[in-house]
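Asker: I have a structure I would like to understand better, so I am pasting it below and will then ask my questions one at a time.
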Amino acid sequence: MMRRTSLFLFGVAAGALVAVAAVQPRAFIGIASGASSSDVYQKIDLFGEVFERVRSDYVEKPDDGKLIEAAINGMLQSLDPHSSYMDQKSHQDMEVQNRGEFGGLGIEVIMEDGLVKVVSPMEDSPAAKAGVMAGDLITKLNSDQVQGMTLNEAVDKMRGAVNTPITLTIQRKGMDKPVELKIVRDTIKIQTVRSRVEADDIGYIRINTFQSAQTTEILKEAIRNLTAKIGADKLRGFIIDLRNNPGGLLDQAVEVSSVFLNRGEVVTTRGRNPDDTQRFNARGGDVTKGVPVIVLVNGGSASASEIVAGALQDHKRATIIGSRTFGKASVQTVIKLGPGGSNGALKLTTARYYTPSGRSIQAKGIDPDIVLVQDLPDDLKAKLGGAADATRGEASLKGHLKNGEDEQTGSPAYVPPDPKNDSQLKLAVELMKGDVKNAAYPANPANKSTKAN
């Protein structure tokens, strides 16, 4: 039975990415402690009795396979928002998506209270261009009500041939009436890392996901190219943009953090059993040779993104700018069921993760060193009916893993398409250049960490 771990924010989605990495298999051992075998088997007998009663007496002949899948989904959904079952087709679709190019709308989604919730639209995707925003609840797909669909069924309806249209009816926080958006499907190509020179002497690098096993190598190449283009003697530092990055591979989160660290812990994962604890350390040395680093985050930065931001923040290697992150600090394992995954796959939450200082950001998120909320432009406010663009965060998800009494909700996740209107990026550039007059802001991001509200 193959097991794979993922730090991706959510499950299989329309245009979503579900990143996985192979780990050593472990066998399930016996029945959970705290429950006697007789109690468990009585419940299993009860399930069998209900199943047979439905098969024999329901008003219409049910599909046995769908009944079983619905029971499995119900069991997993009772655990937490990120555990789910994928049938064989959905699992195959996930693996196709992992290759980095697929057809769809370009959104990361989950199921919440019977509706499809948008975590974030992918950069330059059809969904983003049409105005889909983080936190939107999709209630209809064309004329079909989402209520009553499984996430996989909704995803299947959102997929389709390139250049074919679909109309999404969405509910948006702060709006009285639903919004209808017509979107034309397109081929979604995942560009994991993008880079450019900013303000003549600053390297700007946007990491869109940690889905690709090549993310770190592409990042290193971008650092080398920017350093050569600007000149090592003129380079002021790097701005790493993790906004609306929903996560991906655990090993890539560790490797990306290692690019900026010489040594020390990056993250620790802890499962139910003490033997499951794993500590991941930085390796390879600081590729940037200690130049200042600023990391941009927002309410759409989740999971693997939060590992990187948390590690660099705890080691005081970077200043974090933006708004509170999503707050997903759990690890999912994808387990193939049946020979070669012939029975689909199980995505199960198997561990929590902790930053180097030992803090859990589960349902809390990472608070930036400098809090700066991105304002919506007036034309977009008018289009959205004045609604604020804010995710509700992990703490708002039904059945989320609890983390004490100081849980936090999400924060805005809007990123302007034009860098000229990007206030968070502007502040990062000003800080890097030392042009900020306010003493609350650090002139050297690599050496000082403060907070300003």
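Table: residues versus (1) outside any loop (DSSP other than H, G, I, E, B); (2) at pLDDT 90 or above; (3) among the polar types (S, T, N, Q).
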{"residue": "Gln374", "(1), (2), (3)": "no, no, yes"}
{"residue": "Lys381", "(1), (2), (3)": "yes, no, no"}
{"residue": "Arg392", "(1), (2), (3)": "no, no, no"}
{"residue": "Leu401", "(1), (2), (3)": "no, yes, no"}
{"residue": "Pro416", "(1), (2), (3)": "no, no, no"}
{"residue": "Leu425", "(1), (2), (3)": "yes, yes, no"}
{"residue": "Ala428", "(1), (2), (3)": "yes, yes, no"}
{"residue": "Met432", "(1), (2), (3)": "yes, yes, no"}
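Asker: While we're on this one: Mind listing whichever residues of segment 217-245 are crowded, with 21+ Cβ neighbours inside 10 Å and among the acidic types (Asp, Glu)?
Answerer: Across segment 217-245, the qualifying residue is only Asp241.
Asker: Just give me the residues in segment 314-343 being closer than 22 Å to Lys426 by Cα and surrounded by fewer than 24 Cβ atoms within 10 Å (Cβ to Cβ), in sequence order. Outline the logic, then answer.
Answerer: So the first thing to find is which residues in segment 314-343 are closer than 22 Å to Lys426 by Cα, and the list is 316-325.
The one that is closer than 22 Å to Lys426 by Cα and surrounded by fewer than 24 Cβ atoms within 10 Å (Cβ to Cβ): Lys316.
Asker: Separate question: Looking at segment 344-371, which of the residues that are of a type in the set (Ser, Thr, Tyr) and in a strand (DSSP E or B) is surrounded by the most Cβ atoms within 10 Å (Cβ to Cβ)?
Answerer: So, considering only residues that are of a type in the set (Ser, Thr, Tyr) and in a strand (DSSP E or B), the one surrounded by the most Cβ atoms within 10 Å (Cβ to Cβ) is Tyr353.
Asker: Hey, another quick one. Limited to segment 111-132, what total is found for residues that are among the acidic types (Asp, Glu) and within 18 Å of Arg194 (Cβ to Cβ)?
Answerer: The number of residues fulfilling the criteria is 2.
Every residue, every condition in (1) modelled with pLDDT of 95 or more; (2) over 23 Å from the mean Cα position of the chain (by Cα); (3) within 23 Å of Ile205 (Cβ to Cβ), yes or no:
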{"site": "Thr269", "(1), (2), (3)": "yes, no, no"}
{"site": "Gly285", "(1), (2), (3)": "no, yes, yes"}
{"site": "Gly338", "(1), (2), (3)": "no, yes, no"}
{"site": "Gly344", "(1), (2), (3)": "no, no, no"}
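Asker: Continuing with this model, one more query. What's the number of the only condition in (1) surrounded by fewer than 12 Cβ atoms within 10 Å (Cβ to Cβ); (2) more than 22 Å from the chain's Cα centre (by Cα); (3) at pLDDT 90 or above that Ala32 fails to meet?
Answerer: (3)
Asker: Would you check if there is a residue in segment 72-84 being among the acidic types (Asp, Glu), at pLDDT 90 or above and surrounded by 15 or more Cβ atoms within 10 Å (Cβ to Cβ)? Quick ask: steps written out before the conclusion?
Answerer: Going through segment 72-84, the residues among the acidic types (Asp, Glu) turn out to be 80.
Pick out the ones that are also at pLDDT 90 or above and you get 80.
Within this subset, residues satisfying the condition of being surrounded by 15 or more Cβ atoms within 10 Å (Cβ to Cβ) are 80.
Yes: segment 72-84 contains one or more residues that are among the acidic types (Asp, Glu), at pLDDT 90 or above and surrounded by 15 or more Cβ atoms within 10 Å (Cβ to Cβ).
Asker: Among the numbered criteria (1) at pLDDT below 85; (2) part of a helix (DSSP H, G or I), which single criterion is violated by Lys129?
Answerer: Status for Lys129: all satisfied but (1).
Asker: Same structure, new question: Residue pairs, Cβ under 6 Å, 6 or more apart or interchain, first in segment 301-312 and in the same structural domain as Arg392 (by TED's automatic domain parsing), second surrounded by fewer than 24 Cβ atoms within 10 Å (Cβ to Cβ). List them.
Answerer: Going by the 6 Å Cβ cut-off, the qualifying pairs are Gly310/Thr355; Ala311/Pro356.
Asker: Please go through segment 133-160 and give me each residue that is part of a loop (DSSP other than H, G, I, E, B), modelled with pLDDT of 90 or more and of a type in the set (Val, Ile, Thr), ordered by number.
Answerer: Listed by number, the list holds a single entry, Val146.
Asker: Which of (1) at pLDDT 95 or above; (2) not in a loop (DSSP other than H, G, I, E, B) does Asp275 not meet, given it meets every other one?
Answerer: Result: Asp275 fails condition (1) only.
Asker: Same structure again: Hey, any hits in segment 235-253 for a residue that's touching a His at 6+ places or on another chain (Cβ under 8 Å) and closer than 18 Å to Gly358 by Cα?
Answerer: No: zero hits.
Asker: Moving to a separate point now. Hey, any hits in segment 319-327 for a residue that's touching a Phe, Trp or Tyr at 6+ places or on another chain (Cβ under 7 Å), assigned by TED's automatic domain parsing to the domain that holds Ala363 and not in a loop (DSSP other than H, G, I, E, B)?
Answerer: Taking every residue of segment 319-327 in turn, none turns out to be touching a Phe, Trp or Tyr at 6+ places or on another chain (Cβ under 7 Å), assigned by TED's automatic domain parsing to the domain that holds Ala363 and not in a loop (DSSP other than H, G, I, E, B).
Asker: Also, I was wondering about something else. Which residue is nearest to Ser411 (Cα to Cα), if the candidates are limited to segment 185-216 and must be modelled with pLDDT under 95 and surrounded by fewer than 14 Cβ atoms within 10 Å (Cβ to Cβ)?
Answerer: Residue satisfying both the conditions and the ranking: Lys189.
The values are calculated or read from the model by the stated rules, or taken from the named source; none is laboratory data. Predicted, not measured: the structure shown is a model, and the values here were computed from it. All Cβ positions, glycine included, derive from the backbone under ideal geometry; neighbour counts span all protein chains shown.
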